[in-house]
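The values are calculated or read from the model by the stated rules, or taken from the named source; none is laboratory data. Predicted, not measured: the structure shown is a model, and the values here were computed from it. Cβ: placed from backbone, ideal geometry, glycine included. Neighbour counts: every protein chain shown. When the accessible area is computed, the model is the full protein with side chains, heavy atoms only, and any ligands, DNA or RNA have been set aside. Shrake-Rupley method; radii C 1.70, N 1.55, O 1.52, S 1.80 Å.
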Amino acid sequence: MSQSRFTPETTRLDDAARAGWLYYVAGNTQDEIARKLGVSRQSAQRLVSLAVSEKLIKVRLDHPIARCMDLSEALDARFGLKVVEVVPTDPTAPELLTGIAIAAAAELERLLKAPEERIIALGTGRALRACVEQLPRMDCPQHRIVSRLGNMMSDGSATPYNAVIRMAERVGARHYPYPLPVVARDEEELRVMHGQEPVRHTMALCARADFTLVGVGQVGPLAPLCVDGFMNAQQMQDMMAQGAAGEITSWVYDGEGRVMPGEFNARVASAPLIVGGEAPVVGLAAGPVKAGAILAALRGGLINGLITDEATAGRLLEA
């Protein structure tokens, strides 16, 4: 590791950037920052002021924190990622989504500024919804935004945290919701659904996407699949007993990132996961409960990009 990176000036700016992130992104008070960084309140105030005076703080953090850079490089070296971004962790809020949401929004914004058409495919979930809320208003009629999974519950109501329509509204792009429930009642119903022309068209767009952003869900009784009502506790327990490690767009996979055979996945209506493709498929996830699911997805090539925080990145590299 290069020693020149850790000059006194770099360390000072690292501290200022971290204090600025805690203040402007995580919403901490100066007293809270002082406690988390182990400095006096006056020092915390000076660090936040330094972040502003050195123009590290604009709308987004504009200084690469050395540890986050090192973690990004290590993740890339280990997994060969097309996109990798590691943001600071709030020590007392390890599952805070704001930081990764801002980083993902920055990635999307760069893509949306392209004059040529881009197809952007999205999963769903809390992290993606938070990302979309961080996007600026734009006018991008040249692009297409497509959903990778159904936007309806089994009773016909809209699924929570669907990101496609909201993103299309913010950036003025054409959008293609996935006009199906997340999970079909049985395989025959799924076959009929997938035979519909609008569904075939949407799945074709997903396969051609220039950039895909998905959430990564953990398994367990508090998993999104259970909380959102797509799987009951017994089904989840059975799949965990068979080795389930995580889910992406409702596809449940094992510890090696292999989509699991079985009754539940046979009814998942989502577009098939892409393994080994050239276009970026970026996972957006952070937090202790997500680490195992993220690691399995990386092992199996279900994602070839990752936006996470430093604590989660550290866990992945220690595994």
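Given the conditions (1) in contact with a strand residue (DSSP E or B) (Cβ under 8 Å, 6 or more places away or on another chain); (2) over 17 Å from GLY305 (Cβ atoms), and given that VAL86 satisfies all but one, which numbered condition is not satisfied?
If we test VAL86 against (1) in contact with a strand residue (DSSP E or B) (Cβ under 8 Å, 6 or more places away or on another chain); (2) over 17 Å from GLY305 (Cβ atoms), just (2) comes out false.
Within the range 82-99, can you find the residues that are surrounded by fewer than 19 Cβ atoms within 10 Å (Cβ to Cβ) and under 18 Å from ALA34 (Cβ atoms)?
If the condition is that a residue be surrounded by fewer than 19 Cβ atoms within 10 Å (Cβ to Cβ) and under 18 Å from ALA34 (Cβ atoms), then PRO91, THR92, ALA93 are the ones that fit.
When the residues of the range 26-53 are filtered to those that are modelled with pLDDT under 90 and open to solvent by less than 30 Å² (accessible area, probe 1.4 Å), which remaining residue is farthest from the chain's Cα centre (by Cα)? If you could, list the steps in order and put the result at the bottom.
Step one: of the range 26-53, the residues modelled with pLDDT under 90 are 26-27, 51-53.
Checking which are open to solvent by less than 30 Å² (accessible area, probe 1.4 Å) leaves us with 26, 51.
Values: ALA26: 17, ALA51: 27 Å.
Restricting to residues being modelled with pLDDT under 90 and open to solvent by less than 30 Å² (accessible area, probe 1.4 Å), the top hit is ALA51.
Only one of (1) modelled with pLDDT of 90 or more; (2) in a strand (DSSP E or B); (3) under 20 Å from ILE248 (Cβ atoms); (4) not hydrophobic (A, V, I, L, M, F, W, C) fails for GLY150. Which number is that?
For GLY150, the failing item is (1).
Specify which of the listed residues (VAL275, VAL214, VAL219, VAL252) is surrounded by 23 or more Cβ atoms within 10 Å (Cβ to Cβ) and part of a loop (DSSP other than H, G, I, E, B).
VAL219
Sort out which residues of the range 277-311 are over 16 Å from VAL83 (Cα atoms) and β-branched (Val, Ile, Thr), and write them in order of number. Walk me through it before giving the result.
Pass one, the range 277-311, residues over 16 Å from VAL83 (Cα atoms): 287-293, 296, 300, 311.
Once the filter is applied, which keeps residues that are over 16 Å from VAL83 (Cα atoms) and β-branched (Val, Ile, Thr), the range 277-311 yields only VAL289.
For the subset of the range 278-293 comprising residues that are among the aliphatic types (A, V, I, L, M) and in a strand (DSSP E or B), which member is surrounded by the fewest Cβ atoms within 10 Å (Cβ to Cβ)? Give the steps one after another, and end with the answer.
Here is the first cut: in the range 278-293, the ones among the aliphatic types (A, V, I, L, M) are 279, 281-282, 284-286, 289, 291, 293.
If we keep only those that are in a strand (DSSP E or B) too, we end up with 281-282, 284.
Values: VAL281: 25, VAL282: 22, LEU284: 28.
Across the range 278-293, the extreme among qualifying residues is VAL282.
Tell me yes or no: at least one residue of the range 157-167 is within 24 Å of ALA285 (Cα to Cα), touching a residue at least 24 places away in the same chain (Cβ under 8 Å), surrounded by fewer than 21 Cβ atoms within 10 Å (Cβ to Cβ) and aromatic (Phe, Trp, Tyr).
So in the range 157-167, the residues within 24 Å of ALA285 (Cα to Cα) come out as 158-167.
Checking the rest, the ones that are also touching a residue at least 24 places away in the same chain (Cβ under 8 Å) come to 159-164, 166-167.
Subset that is surrounded by fewer than 21 Cβ atoms within 10 Å (Cβ to Cβ): 159-161, 166.
Next cut, aromatic (Phe, Trp, Tyr) only: 161.
Yes; the residues of the range 157-167 include at least one that is within 24 Å of ALA285 (Cα to Cα), touching a residue at least 24 places away in the same chain (Cβ under 8 Å), surrounded by fewer than 21 Cβ atoms within 10 Å (Cβ to Cβ) and aromatic (Phe, Trp, Tyr).
Assess whether SER147 counts as being among the polar types (S, T, N, Q), out of contact with any Asp or Glu (no Cβ under 9 Å at 6 or more places or on another chain) and open to solvent by 30 Å² or more (accessible area, probe 1.4 Å). Step through it out loud before you land on a result.
On the way: among the polar types (S, T, N, Q): yes; out of contact with any Asp or Glu (no Cβ under 9 Å at 6 or more places or on another chain): yes; open to solvent by 30 Å² or more (accessible area, probe 1.4 Å): no.
Judged against the criteria, SER147 is not a match.
Name the residue, out of ALA245, ALA241, ALA266, that is in contact with a Phe, Trp or Tyr (Cβ under 7 Å, 6 or more places away or on another chain) and open to solvent by 10 Å² or more (accessible area, probe 1.4 Å). Please lay out each step first, then the result.
On the way: ALA241 fails: in contact with a Phe, Trp or Tyr (Cβ under 7 Å, 6 or more places away or on another chain); ALA266 fails: in contact with a Phe, Trp or Tyr (Cβ under 7 Å, 6 or more places away or on another chain).
From the options ALA245, ALA241, ALA266, the qualifying one is ALA245.
Could you go through the range 63-71 and let me know if any residue there is at pLDDT below 95, over 14 Å from GLU310 (Cα atoms) and either open to solvent by 30 Å² or more (accessible area, probe 1.4 Å) or not aromatic (Phe, Trp, Tyr) (or both).
Yes, some residue in the range 63-71 is at pLDDT below 95, over 14 Å from GLU310 (Cα atoms) and either open to solvent by 30 Å² or more (accessible area, probe 1.4 Å) or not aromatic (Phe, Trp, Tyr) (or both).
Applying the selection to the range 115-129, what residues are within 26 Å of ASN151 (Cβ to Cβ), outside any helix (DSSP H, G or I) and either open to solvent by less than 50 Å² (accessible area, probe 1.4 Å) or without any contact (Cβ under 8 Å) to a residue 40 or more places away in the chain (or both)? Working first, answer last.
Pass one, the range 115-129, residues within 26 Å of ASN151 (Cβ to Cβ): 117-129.
Pick out the ones that are also outside any helix (DSSP H, G or I) and you get 117-125.
Within the range 115-129, GLU117, ILE119, ILE120, ALA121, LEU122, GLY123, THR124, GLY125 meet the criteria.
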